[in-house]
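K.L.:
Next up is a structure, given as structure tokens.
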Amino acid sequence: MQEKGTISIHTENIFPIIKKFLYSDNEIFLRELVSNAVDATQKVKRLASLGQYSGELGNLQVEVSFDEKAKTITISDNGLGMTADEIKKYINQIAFSGATEFMEKFKEAKDANEIIGRFGLGFYSAFMVADEVEIDTLSYQEGAEPAHWTCDGSTEFEISTGKRTTRGTDIILHINAESEEFLSKYKLQEILDKYAKFLPVPIKFGTNTEQEPDGEDADGKPKTKDVEVDNIINDTNPIWTKQPSELKDEDYLNFYKELYPFSEEPLFWIHLNVDYPFNLTGVLYFPKVKNDFEFQKNKIKLFSRQVFITDEVKDIVPEFLMLLHGVIDSPDIPLNVSRSFLQADSNVKKINSYITKKVADKLSDLFKADRAGYEEKWSDIGLFVKYGIISEDKFYDKAKDFVLLTSTQDKKNYTLDEYKDKVKDAQTDKDGQLVYIYTNDPAKQDAFIQSANKKGYDVLLMNSPIDNHFISHLEQKLEKTSLKRVDADVADKLIKKDDAPAHVLTEEQSTQVKTIFDTAINKPAYKVELESLNPDELPVTVTMDEFMRRMKDMAAMGGGM
Ligand code: ADP
Ligand code: MG
């Protein structure tokens with residue numbers, strides 16, 4: 001058998017254009033060819049289970065190998081194989097039409113990086129790194145002839161009788177001069193680790209040497225011998241494909257370690273598992289947040305049917321959860337679209353709110369089941385919760401019951417409702433308006449805090465980087481409540497509660513003591529106040545008027561005033 005033909009595509013010179021398009025990401029050829037090989041093994045398994053194939057399935061596996069001298073990379077599988085007619089249909093028509101379609105879609109796109117997931121062109125991706133591709137294949141069908149196809153990336157192909165004697169397919173790439181970097185064990189291993197680490201069928205890449213017991217030597221000591229074992233690069237059953245009920249905490253922690261070897265243990269995790277109205281599985285971890293959290297962003301890996309796609313999940317995971325780690329796997333996220341299209345995709349929108357809901361539910365469960373444990377983690381969780389409250393109303397609706405406010409007085413944490421109950425008697429003005437007082441720098445503002453405390457007011461600790469936004473958000477959300485920073489002006493104006501302890505000095509004595517301080521300080525910008533004679537409290541406070549203080553700060557900064 002020998003046949004030549006022309007692949008019917010519209011663009012004669014599609015190859016150089018695509019090459020230019022995807023050049024920066026040409027390593028995905030391996031992802032595409034290995035996933036095709038995996039698909040082929042899964043298809044033959046399905047045919048067997050449907051009773052449409054009765055031969056031996058054998059040990060279903062994909063093998064990647066290379067030959068530095070011949071400059072070839074080969075991807076072999078024992079999947080369903082193809083007949084010559086199938087090659088014509090699936091490779092000449094489908095694979096090449098995929099490439100044409102891609103060009104149609106993206107010929108206007110100025111920047112190929114705009115395209116999510118580094119859309120693979122499937123089989124055609126091979127031509128990014130090879131100037132000739134061969135297929136050697138034998139179909140599972142009874143009496144099938146082995147077939148051989150070769151093509152140099154132009155629209156010309158050649159089909160002849162192949163030499164495979166067992167079911168399956170070899171794809172042989174003749175690596176082009178610019179892509180010789182791929183002819184390296186290290187490089188291929190790296191790409192396989194990135195894209196194929198969790199594929200559902202064993203992927204063999206070379207062998208490893210291991211030691212095996214080998215009887216005893218003359219002195220009766222155990223001997224070992226070197227044995228060659230297949231180097232299987234992947235874990236075919238990663239935890240996100242399993243049911244949560246099959247898994248222990250240890251499994252989740254081990255998987256985390258596998259993904260992020262140098263990280264501290266995560267705080268907790270969420271196992272995602274839905275199949276309607278979209279299909280999504282995954283495990284998301286809450287990491288211990290460090291100060292340099294910009295660095296910890298973009299740690300979620302996106303998979304599609306266990307094939308790694310990207311760790312650029314910005315448009316799929318809500319912005320406030322970008323600090324989470326872990327994996328999500330969904331065949332329903334379109335990968336061959338631009339950013340703006342992705343954001344508008346209805347599945348992506350649903351996935352986004354599903355993740356938000358799952359995170360809120362998990363936090364709520366933790367809070368209800370073990371409040372003490374939750375409070376212990378609050379310094380780490382707080383950032384997510386507050387960020388979520390600021391960015392998503394739907395999240396606030398749930399989070400309002402588990403966001404915590406910390407009092408500087410008793411150092412306890414309160415929910416919004418609890419805090420309202422705690423302070424509502426002392427901190428409500430005549431119009432029923434609640435006043436919450438907070439400090440963002442308890443050491444510097446200590447005098448004001450004590451002064452507010454003395455007037456019966458509690459002072460909240462709000463010193464995380466996100467608290468400024470959080471405070472203004474709370475003010476919009478909480479009814480009839482204002483939040484004020486405890487500076488000199490505010491502390492001054494707080495109305496003293498009736499039952500607060502009165503000064504024991506007479507008015508005349510007070511004036512005398514005040515005068516002593518005023519004379520000693522002798523600066524009009526400072527204000528002296530007698531506070532208390534209680535030995536545990538500050539007897540006198542000397543403060544600078546808030547306006548004067550700011551002026552002074554500005555002057556110090558060279559603010560030109
Ligand atoms: P896709 O995988 O999205 O269908 P590809 O361009 O990657 O598109 O592949 C085109 C078709 O070629 C596949 O659908 C399959 O029918 C066939 N094919 C590719 N590789 C193999 C293989 N290793 N074994 C059997 N068939 C294959
Ligand atoms: Mg494919």
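K.L.:
Taking R0 as 35 Å, what's the FRET efficiency between residue 230 and residue 380 from their Cβ-Cβ distance, rounded to 0.05?
P.N.:
Step by step, r from the Cβ atoms, then E = 0.25.
K.L.:
Taking a virtual spin label 7 Å from the Cα of residue 251 along the C-beta vector, which residues in segment 205-245 bring their backbone nitrogen under 19 Å of it?
P.N.:
Flagged as within label range: 234-245.
K.L.:
Pop a pseudo-label 7 angstrom from the Cα along the beta-carbon direction at both residue 276 and residue 522 and give the gap in nm to one decimal.
P.N.:
Computed distance between label sites residue 276 and residue 522 equals 8.6 nm.
K.L.:
Taking every DSSP beta bridge with both residues inside segment 400-474, roughly what % is antiparallel (nearest 5)?
P.N.:
If we restrict to bridges inside segment 400-474, about 60 percent are antiparallel.
K.L.:
Provide the gained length on full extension for the span residue 529 to residue 489, in nm with one decimal, where the gain is 0.36 nm per separating residue minus the Cα-Cα distance.
P.N.:
Taking 0.36 nm per residue and subtracting the Cα distance, the gain is 13.1 nm.
K.L.:
Related question: Go ahead and run the numbers for FRET between residue 393 and residue 218, Cβ-Cβ distance against an R0 of 60 Å, rounding to 0.05.
P.N.:
0.15
K.L.:
At 0.36 nm per residue, minus the direct Cα-Cα distance, what do residue 142 and residue 354 gain on full extension? Give it in nm, one decimal, please.
P.N.:
Contour length minus the Cα-Cα distance gives 71.6 nm.
K.L.:
Nearest 0.05, what FRET efficiency do residue 463 and residue 132 give at R0 = 60 Å with Cβ-Cβ as r?
P.N.:
Here the calculated transfer efficiency is 0.40.
Each reported figure results from applying straightforward, stated rules to the coordinates on display, with no laboratory input. Keep in mind the model is a prediction, meaning the values are calculated, not measured. Ideal geometry is used to build each Cβ from the backbone, glycine not excepted, and the neighbour counts take in all protein chains shown.
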